[in-house]
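See structure below.
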Amino acid sequence: MNDRDRPTGGQTAQAIEAAPGTEDLESKRARAGFARRLLREAGIGVALLAMIAVFASAAPHFTDQSNITNVLTQITINLIMATGMTFVILIGGIDLSVGSVLAFAAMVAGLVLKSQGLPVPAAITLAVLTSIAVGMACGFANGFIASFWGVPSFIVTLGMLNVARGAALEVTNARTLFEFPNEFNNFGTATLFGAPAIFLVALALVLIGWWILTQTVFGRLIYAIGNNEEAVRLSGHNTFFYKVAAFVISGLTVGIGAIIYMARLTIASPILGSGFELNAIAAVIIGGTSLNGGRGSLIGTFLGACLIGVLADGLILMGVGDFVRQIITGGVIILAVIIDSYRAKLAERTR
């Protein structure tokens, strides 16, 4: 039996060969899983719409076109990083290094952009490829160490957080890079179809990631590993490859995020991305992805990132101070984790 014949589809995939006569049961389980995901995402969507309605009536200028553009711009980086983070959390891992890796990738890309002797288009292209390569290399290191030696990803990525931050400071001796080509900086403020171009890049990444997770064997196995890694291994699949690949995807999105953040700020600083890992994790968890792995979706992550962005913007417009905003945002994250815990218990009872 080849891989395509194995029943690894669906987020509740068992990754083992189904016995004859169980196809109807598997179909029912798949439909039930889809219904649960739809209800979960609908709930997040309703919460987001309710929040928008509250701020539209209570916060001045919340519905202005300029503010809507600002909200989309603000959520872009978090959405990009949360997209990659979703893959990691779905396999039951965590990546605490994304903020520091973003800074490291940005500094290396900044050096390439400022290099002499390269035409501007070539410098921009090389900077983009270099940033992505740095992000993927750090993601590979995280995934390889965590999977090969069985070290918890929390510990590995905590170490990479410090390694990447130190490397970002070292490559330019803690100096901030600026005066990038105008062609590069202009992308950070460009609009397309009335929306920020950088947001459309983030949206494209979400759609690509959604397609991978829902329409490919690779995506189905990501879910299956989060549900039962041992069953996937016993079915003949190389779980090591898929776990490392999840971290590499996270690194790839961080590399893209670094370039977009540079274009938006028109600088590259070694202190960029501080605390971004918490925002990305929060978007994923608020979006309904389980910290235990195996359950969640990128549509939920998209809604979670939007909810965080709308909440922050609305509170600012209402004059809420920075400290209180942090308290409220932290409370929302804790509430999301509590809801996830209850949801996991309910799912266990209904199996």
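Values quoted throughout were computed directly from the atomic coordinates according to the rules given, and no laboratory measurement underlies them. This structure is a prediction, so every number in the text was calculated from the model and none was measured. Quick reminder, even Gly has a Cβ in these numbers, built from the backbone with ideal geometry, and neighbours come from all protein chains shown.
Taking 2.2 N^0.38 Å as the expected size of a compact globular protein, what ratio does the Cα radius of gyration of the stretch 72-123 give against it, to two decimals?
Normalised by 2.2 N^0.38 Å, the Cα Rg of the stretch 72-123 equals 1.52.
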Can you pull the Rg over Rh of the stretch 66-216, Cα-only, Kirkwood?
0.99
What are the residues whose amide H is under 5 Å from the amide H of T191, where those residues sit 5 or more places off or on another chain and H is modelled from the backbone?
A197
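Using alpha-carbon pairs under 8 Å, 6+ residues apart, how would you state the relative contact order of the chain in percent?
Relative contact order comes out at 32 percent.
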Hey, what angle do you get for helix 65-90 against the long axis of the chain, alpha-carbon based, 0 to 90 degrees rounded to 10?
50
For the chain, what does -39500 (n - 2.57) per DSSP helix run (n ≥ 4), summed and divided by total residues, give at 222 nm, in deg cm²/dmol to the nearest 500?
-25500 deg cm²/dmol
Relative to the Cα centre, what is the charge dipole magnitude of the stretch 23-350, using +1 at the beta carbon of each Lys and Arg, -1 at the beta carbon of each Asp and Glu, and rounding to the nearest 20 debye?
500
Order by protection proxy (mean Cβ within 10 Å, highest first), peptides 104-114, 178-188
104-114, 178-188
Counting residues in the chain as N, plug N into 2.2 N^0.38 Å and put the Cα Rg over that result.
1.02
Residues whose built amide H sits under 5 Å from the amide H of T289, excluding neighbours closer than 5 in sequence, are S297
Translational diffusion of the stretch 166-215, µm² s⁻¹ [Kirkwood Rh, Cα pairs; Stokes-Einstein; 10 °C; 1.306 mPa s]
115
The stretch 42-83 - Debye-derived log10 I(q)/I(0), Cα point model, q = 0.13, 0.23, 0.33 Å⁻¹
-0.34, -0.91, -0.99
